[in-house]
Amino acid sequence: MKYRPEIDGLRALAVVPVILCHAGIEAFSGGFVGVDVFFVISGYLITLIIYGELQNEQFSIVQFYERRVRRILPALFFVTLVCIPFAWMWMMPDELKDFSKSVVKVNLFISNFYFWKESNYFAPDAQLAPMLHTWSLAVEEQFYVLFPLILILLKKCTPKILLVFLSILVLVSLGLSEWGSTAFPVANYYLLPTRAWELGIGSIVAISMNYWQKTDGWVAQFASVLGLLLVLFAIFTFDDTTLFPGLWALSPVLGTALIIAYAKPDTFVGGVLSWKPMVGIGLISYSAYLWHHPLFAFARIRFQGDVLTEIYLGLSITALGLAYLTWRFVERPFRNKLKFSRKQIFIGATVVSISFIVAGKVGRLQEGIPDRLPLEVRDMVAWAHDKNPRRDECHAKKGRFIEPEKSCVYGGVVSPKFAVLGDSHAMGLAYQLSLQLIQQGRGLRELSYSACAPVVGYRRTDKVDECPKYNQHVQQFLFSHKEIETVILFARWPLYLEGKRFDNQQGGVEFGKSIYAIPVEEDLDFIKSPERISTIGRLYRATVQNYLEHGKHVVLVYPVPEVGWHVPYYLAKEILFDTERLELLSTSFEVFKQRTKNANEQLDKISDHPNLARVKVEEIFCNTFMVDRCVAQMDRKPLYIDTNHLNSIGTSMLSTKVMKTLQENQWL
C-alpha cells in the first residue's frame, strides 16, 4: 500500500479539534466529530489492506490481529499505567471505583458499553472519567472482529457486488443512527450498529478506488475542497445539542471520504494536508488522542473543575509532547518485528491485559479502596451518600416505573393527607418532611420520578423515558384520592427551562449534556423556538391550577440553589490537597438569581389562590448566613450530596420551612 502523507495530515485535522473541543474552546464546539473522521480513515485503511491481501491470496487473520495488537495496545497500556497512580492519589472512592471498572472494560474492548450504561458522552461525571475516550477504540476493535469475516465470506464477489452489499449495510446503519439520535441518543452515540456506517463509508472508498483514483484536475480540486469545508463546517458549528450521530454526521463523514478520494498531492487540500507539521501531528495522533483526555480529566479532578483556558492549552501542548515520546519510544519499537516477535507480542499483551483486569476488579470490589485516604477525607466523602434511605424502594426512574397506587407511604398511615411530587429533589424532601410530620401523627406519600418535573404535558429532549406517562398517572391518582389534601411540588425547575447545566462562574461547572423541556406533541426543533420557555411555563401553571381546581392545597417549592461543584468531594479534596478555606463554601447569589430568573418568572405567574402557598428556598440559604452568597456548607459540614441535591442537613432546613408554611395555612 502506497504511503499517502495527506492521510496523516487528515489525522491531524481530526485529533486537534477533538483536543480543543475537550479543552472547552468554544470555537471548536463540534470538534468531537474528529472521532468520526478517524472512523472513516480506519475503515478506508483497514479495508485497503484486507481487500488487497485477499485479492492476492495473502490474507492471514492471525497476522491481521498481530498488526492491530502492535498498533493499539502498547500505547494504550502505557497511558493506562501512568493514569493509575494519579487515580490512586487524587480520586475519591466512588471515582476510583468507576475508574477501576473502566480499566476492566477498556482491556476487554467493551468500554463503549460501559460508558453507554453509566452515562452519555456529555454527562456530568463523564468529563472526570480519564478513560472515557476509549469508547471509540472499542467501537473500532468490535468492527475489526466482524468486518474481516465479512470480506472473507465475500472475497469471490466482484467489486460492484461488494460495493452494493456494503452500501446496503451503510444505509441500514445510517437509518438506525438517525432513528437512534432521538429514540436512544446515548446508545446511538456509543455503539457499533449506529457507528458502523461511518467505517463502512471508508470501506466503500477503498473498494471503489478504480472509480476515483484517476480523477484529477478541477474535479479533484473541487471535491477535495468541498470535503474539507464539510469537515470544518461540522467542527465549527456543531455542539452538544446537535443530534449526533445521524444525518448530521454525514457532514464530517462524507467530507472525510471526499478528502481521502480526491485530496491528491497536486490539489490544494492535498498540499495543505501534506504539510510537514500536519503530517507530524498525524503520525502521533493516536498517542495524542490517548493522552489528552486523561490529562484534562485529572486536571479537573485536581483543580476542582476550576481549570483555566490557559491550563487547558498548556495541557494540549503537553499531550502532543507526550504523544511524540510515546510514538518514539513505545509505538515504533513494538511495531518492529525484529525487536518483538509475534509470540512475545501476544503473550505480553495477554499478561498485561489480565493484570489490568485483575487490578480493576480489586478496585471495584474494594469500593474504590477508601482506606488509602486520610480518615478526615473519608468522613467528608461519606456525606455524598447521605440520601433518602428509602431511595431504591420509593424513587421511580427509567426502567423502574412505580404506579402511584404502589408508591411509598411514610409514617404508617394508610391514607395520608400529604403527598410530595417531583424529581430527585422531591425524593430528598419527602423523607425529611415525613420525619417532622410523623411527630404530629401525620403520614406522607412520595411520588417522585428521577429527572422528571411534576408537570403534565412536557417531555425532556435528552432521552426517551416515561416521565409524561408518570405525571399523567400521578395527576389522575391524586384527582381520584380525595383523602390527599395537600400536594407539595418540588423540582429542579431551572434545568428544564434553561437546558444548560449550571455554571457558578467561579470554576464550578456542572458538566453534562444539555436538557430541554418541550411539550410532548412537539419535535426536537422546538428547542430553538423563542416561545419554548413561555410554553413550558404555561404547562407549569396549568398543572398547579388543575390541582387547585380539584380542591387540593398546593405548596410550590421554588428552586434550590445549585452549586456547580460536587460539594462533599470538593470539601474532601480541599482536605486532601491541604487547601485552606477561610469561609463557608458558597456561590454567588447574583448568579443564582440569573440562573433562576426564567423559572421564578414562570412560577410567579401562577395566580395567587387561598389554597396556594409558595416556599422560597433561597430565603434559607442565600443572603442569610453570608451576604450576597448562597451557602453550601455549615459548621464544617456540607449541605449537599453532590452539585445540586440537598443532603439530610439541607433538606431538614427546607422541610422545617415547609412545615412552618403548613402550620401558617392551617393545613396540618
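Between the beta carbons of Val219 and Lys406, assuming R0 = 41 Å, the FRET efficiency works out to 0.05 to the nearest 0.05.
Close amide-amide hydrogen proximity is noted between Tyr458 and Val520, each under 5 Å apart and 5 or more residues distant or on a separate chain (H modeled in the peptide plane; Pro and chain starts excluded). The residues neighbouring Thr535, those whose beta-carbon lies less than 15 Å from its own, together hold a net charge of 0 under the Lys/Arg +1, Asp/Glu -1 convention. Within segment 431-556, the percentage of alpha carbon pairs spaced more than 17 angstrom apart rounds to 62%. Taking the average, over residues, of other Cβ atoms within 10 Å as the packing measure, peptides 151-162, 183-194, 356-367 rank 183-194, 356-367, 151-162 from highest down.
A full extension of the chain between Thr318 and Gln663 corresponds to an added length of 118.1 nm, given 0.36 nm per residue minus the alpha carbon distance. For segment 1-112, the solvent-accessible area with a 1.4 angstrom probe is 34 square angstrom per residue.
For the chain, the normalised intensity computed at q = 0.05, 0.06, 0.08, 0.11 Å⁻¹ comes to -0.28, -0.39, -0.68, -1.13 (log10 of I(q)/I(0), Debye sum over alpha carbons, equal scatterers, no solvent). In whole angstrom, how far apart do the alpha carbon centroids of segment 512-535 and segment 587-645 sit? Segment 512-535 and segment 587-645 have Cα centres spaced 24 Å from each other. The calculated FRET efficiency for the pair Asp635 and Glu590, based on their C-beta separation and a Förster distance of 22 Å, comes to about 0.30. The lysines whose alpha-carbon is closer than 29 Å to the alpha-carbon of Lys593, local same-chain residues fewer than 8 away aside, are Lys387, Lys463, Lys500, Lys513, Lys528, Lys573, Lys605, Lys616, Lys637, Lys657, Lys660. According to the square roots a ≥ b ≥ c of the eigenvalues of the Cα gyration tensor, what is the shape class of segment 258-339, taking rounded for a/c under 1.5, prolate for a/b larger than b/c otherwise, and oblate for the remainder? It comes out oblate by the Cα gyration axes. Annotation for segment 64-96 versus segment 1-60: alpha-carbon center distance of 22 Å.
If the chain linking Phe184 and Leu247 were pulled fully straight, counting 0.36 nm for each residue of separation and taking away their Cα-Cα distance, it would gain 21.2 nm. For segment 1-76, taking Cα atoms only, Rg and Dmax work out to 15.5, 50 Å respectively. Modelled spin labels at Glu483 and Arg378, positioned 7 Å past Cα toward Cβ, are 4.6 nm from each other.
Across segment 530-668, Cα-Cα pairs farther apart than 26 Å form 34% of the total. Calculated FRET efficiency, Glu522 to Ile438, Cβ-Cβ distance, R0 = 45 Å: about 0.60 to the nearest 0.05.
Residues in segment 183-196 carry Karplus couplings, in order, of 7, 8, x, 6, 4, 4, 6, 9, 9, 4, x, 9, 10, 4 Hz; the curve used is 6.51 cos²θ - 1.76 cosθ + 1.60 with θ = phi - 60°, and Gly or Pro positions show x. The share of alpha-carbon pairs in segment 220-262 lying farther apart than 11 Å comes to 59%.
For Val615, nonlocal amide neighbours, meaning residues 5 or more places apart or on other chains whose placed amide H falls under 5 Å from its own, are Leu556, Val557, Tyr558. Taking a sphere under 12 Å around the Cβ of Val413 and counting the other residues whose Cβ falls inside, with K and R at +1 and D and E at -1, yields a net charge of +2.
Residue ranges 17-28, 582-593 sort as 17-28, 582-593 when ordered by packing (mean number of other C-beta atoms within 10 Å per residue, highest first).
Taking 0.36 nm per residue of separation and subtracting the Cα-Cα distance, full extension of the segment from Arg342 to Ile49 would add 103.6 nm.
Kirkwood radius for segment 100-178, taken over all pairs of different Cα atoms as the inverse mean of 1/r, rounds to 14.6 Å.
A convex hull fitted around the alpha carbon atoms of segment 134-268 yields 117 Å³ per residue. In vacuo Debye scattering of segment 365-505, one point per C-alpha: log10 I(q)/I(0) at q = 0.13, 0.14, 0.17, 0.20 Å⁻¹? With one equal scatterer per Cα and no solvent, log10 I(q)/I(0) is -0.65, -0.73, -0.96, -1.15. Taking label points 7 Å from Cα along the Cα-to-Cβ direction, Ala542 and Ser415 give a separation of 3.1 nm. Binning the alpha carbon pair distances of segment 139-186 at 5 angstrom intervals from zero yields the distribution 5, 18, 18, 23, 18, 10, 6, 2, expressed in whole percent. Here the sum of -39500 (n - 2.57) over DSSP H runs of 4 or more residues, divided by the residues of the chain, equals -18500 deg cm²/dmol at 222 nm, to the nearest 500. Put simply, the amide H of Lys387, placed in the peptide plane, has no neighbours under 5 Å, leaving out anything fewer than 5 places away on its chain. Plainly put, segment 272-422 has a radius of gyration that is 1.18 times its Kirkwood radius, both from alpha-carbon atoms, as the Rg/Rh ratio. Sequentially through segment 478-492, phi angles give Karplus couplings (6.51, -1.76, 1.60; θ = phi - 60°) of 5, 4, 8, 10, 5, 5, 7, 8, 10, 10, 10, 9, 8, 7, 7 Hz, Gly and Pro residues having no value and appearing as x. Accessible surface of segment 611-668, 1.4 Å probe: 42 percent of it comes from carbon and sulfur atoms.
When a 1.4 Å probe is rolled over the protein heavy atoms, the share of accessible surface on segment 265-334 that falls to carbon and sulfur comes to 72 percent.
Counting only heavy atoms of the protein chains and using a 1.4 Å probe, Phe113 has close to 90 Å² of accessible surface.
The values are calculated or read from the model by the stated rules, or taken from the named source; none is laboratory data. Owing to the predicted nature of the structure, the values given are computational and were not obtained by experimental measurement. As a convention, Cβ positions derive from the backbone with ideal geometry for all residues, glycine included, and neighbour counts pool all protein chains shown. Side chains included, ligands, DNA and RNA excluded: accessible areas come from the protein's heavy atoms. Shrake-Rupley method; radii C 1.70, N 1.55, O 1.52, S 1.80 Å.
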